[in-house]
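Engineer: Have a look at the structure that comes next, please.
The values are calculated or read from the model by the stated rules, or taken from the named source; none is laboratory data. Because the structure is a prediction, the values reported are computed rather than measured. We place every Cβ from the backbone using ideal geometry, glycine too, and count neighbours over all the protein chains shown. Heads up: the accessible areas ignore ligands, DNA and RNA and are worked out on the full protein's heavy atoms, side chains in. Shrake-Rupley method; radii C 1.70, N 1.55, O 1.52, S 1.80 Å.
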Amino acid sequence: MSMNKNARKIIIRACIFAGLGGLLFGLDQGFINGSLSFIKEEMHLSLIQSQSFASIMHLGCIIGVLFSGWVSKTIGRKRTLVLTALFFGFFSLLGAFTHDVFVLYASRFALGLAVGYASFVVPLYFSEIAPAKMRGGFIAMYQLMITIGIFAIFLSNSVIGTYFQSWRLMLGVIALPSIVMFLGAMFIPQSPRWLVLRGREDHAKAVLSSIREHESHAEDELNEIKESLDTDTKQGGWKLLKESYFLRVLGLGILLMLLQQFSGINAVIYYSGEIFKKAGAQHPAMGTVVIGLINVIFTVVAIKYVDKWGRKPILYSGLTVMTLTLLIIGSLFKMQENGIVLGNFSSGLMVAACIVYIAAFAMSLGPIMWIICAEIFPLEGRDFGITVTTATCWVACAIVVQFSLSIIHHFGGSALFFLFAICCVLGFSIVRLFTPETKGVSLEHIEGKLKSGEKLLRIGRT
Ligand code: BGC
């Protein structure tokens, strides 16, 4: 077999087993939808307690993300992936078997640590082993794996909910892909960049030779890694906080992540079942599965067109459709709150509006916020910048998941969805005033413009 084919095989294997981290992230993210009412009933949880159970995972995510840079630097990307899989498997089973509420909360928190690690280390590992020309595709595939995970758990929860009514089984099945990832990740290559960082150049060279088409490519890449590590270690993340250019992109990254979360996506991902039930929909579980599927399909569309149409036009269209659909959902809730009984048409319209809303999110704010955050930071502050923006995403997600059902309960669904619509309207200004178009320009170009004092809006212009 030629080296070419062997290299491809190793890369694909690494991509699948590391990518399972993205899938597991999606499974845990989507798990609540369809299981929460069973858990609430069996464990006698109040509304606040059940929302806290859903959102305690995000506390774990935040802590996981904050530590993942250090963990993956200390034990390496590969071992962090193996550890992540172990956490996913062990704590899913612990949660599935326990009868103690405290242990159940603790296991969900620990699953959050795993999600936090995965959200940092999977894209990092991808970007470090992918050949340069395939790097973007690898990172986009990670977002796709998350949406596939969300869809798979919606489907599995709906089947298990219908035939077995067991939230324990819903949680226990998450252990299966964890075991596959645990076993598979033991046989993937180490990250060459990490090996160089630890002074193990010979090993790094051997790995590069096994995953690149030609020996000369491996040599070149090894030299590039050494050079870029020189730049990397020149400035630490915290020191960059003194630089105004870095503060500006960090601020933009934080705003974009806040917008992604406060547009309400996870109120729908987590609680669409409850929302549909409240609207009197006939098949809430089915509606949820459709939402998961649409999320996957439109993420594929986004991957195909994001480099063709550009980030900003897609963001504007996404925000427009999201604002309109949120207003429709809010208005239907308002009618219900005013004593009008929603008939089949109106509850069907609400489900349809949620589906269109998800499609618009999946095409725009879903992948694009991650892409822009991966593009705007200068090399020496990339790890730090991405850690901060990812942690912001989890904090905002925790807030949405913790308070959505309470807002619906105390102020009505109209209040919640009108609030999300207002956030989307504010989002237009963030895109209009601060967000650069980064389509088709190199990262070095963006970095150069940023450091030369160019306005944020213009750092993507040639
Ligand atoms: C968001 C997640 C969300 C997912 C839905 C991601 O881009 O960061 O919070 O659950 O999209 O597909």
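Engineer: Go through region 34-67 residue by residue and tally those that are in contact with a Gly (Cβ under 7 Å, 6 or more places away or on another chain) and surrounded by 23 or more Cβ atoms within 10 Å (Cβ to Cβ).
Structural biologist: 7
Engineer: Residue check: is Leu176 part of a helix (DSSP H, G or I), open to solvent by 60 Å² or more (accessible area, probe 1.4 Å) and free of Cβ contacts under 8 Å to residues at least 40 places away in the same chain?
Structural biologist: The answer is yes for Leu176.
Engineer: Between Ile269, Ile225, which is open to solvent by less than 50 Å² (accessible area, probe 1.4 Å), among the hydrophobic types (A, V, I, L, M, F, W, C) and more than 21 Å from Thr390 (Cα to Cα)?
Structural biologist: Values: Ile269 fails: more than 21 Å from Thr390 (Cα to Cα).
Being open to solvent by less than 50 Å² (accessible area, probe 1.4 Å), among the hydrophobic types (A, V, I, L, M, F, W, C) and more than 21 Å from Thr390 (Cα to Cα) holds for just one of Ile269, Ile225, which is Ile225.
Engineer: Ok, one more. Please find, within region 374-406, the residue that is surrounded by the fewest Cβ atoms within 10 Å (Cβ to Cβ) out of those that are of a type in the set (A, V, I, L, M) and either near the ligand (Cβ under 10 Å from one of its atoms) or under 11 Å from Leu250 (Cα atoms) (or both). Quick ask: steps written out before the conclusion?
Structural biologist: Filtering region 374-406 for residues of a type in the set (A, V, I, L, M) gives 374, 376, 379, 386, 388, 391, 395-396, 398-401, 405.
After this cut, where a residue has to be either near the ligand (Cβ under 10 Å from one of its atoms) or under 11 Å from Leu250 (Cα atoms) (or both) as well, the list is 376, 386, 388, 396, 400-401.
Details: Ile376: 26, Ile386: 21, Val388: 21, Ala396: 19, Val400: 24, Val401: 25.
Out of the qualifying residues, it is Ala396.
Engineer: Step by step: first the residues of region 358-373, then only those that are more than 12 Å from the chain's Cα centre (by Cα) and among the aliphatic types (A, V, I, L, M), then the one that is nearest to the ligand (Cβ to nearest atom). Which residue is that?
Structural biologist: Selected residue: Ile358.
Engineer: Would you pick out the residues in region 276-299 that are open to solvent by 70 Å² or more (accessible area, probe 1.4 Å), modelled with pLDDT under 95 and under 20 Å from Gly149 (Cβ atoms)? It would help to see each step written out before you state the result.
Structural biologist: First pass over region 276-299, keeping only residues open to solvent by 70 Å² or more (accessible area, probe 1.4 Å): 277-278, 282-283, 286, 293, 297.
Those left that are additionally modelled with pLDDT under 95: 277-278, 282-283, 286.
Listed by number, the list holds a single entry, Met286.
Engineer: Follow-up. Scan region 68-92 residue by residue and report those that are more than 15 Å from Gly112 (Cα to Cα) and open to solvent by less than 50 Å² (accessible area, probe 1.4 Å). Quick ask: steps written out before the conclusion?
Structural biologist: Going residue by residue through region 68-92, those that are more than 15 Å from Gly112 (Cα to Cα) are 69-79, 82.
If the condition is that a residue be more than 15 Å from Gly112 (Cα to Cα) and open to solvent by less than 50 Å² (accessible area, probe 1.4 Å), then Gly69, Val71, Ser72, Gly76, Arg77, Lys78, Val82 are the ones that fit.
Engineer: Residues in region 311-321: is at least one crowded, with 21+ Cβ neighbours inside 10 Å, in contact with a Cys (Cβ under 8 Å, 6 or more places away or on another chain) and at pLDDT 95 or above? Spell out how you get there, then give the answer.
Structural biologist: At the first step, the residues of region 311-321 found to be crowded, with 21+ Cβ neighbours inside 10 Å are 311, 314-315, 318-319.
Narrowing further to those that are in contact with a Cys (Cβ under 8 Å, 6 or more places away or on another chain): 319.
Subsequent filtering for residues that are at pLDDT 95 or above retains 319.
Yes, region 311-321 has at least one match.
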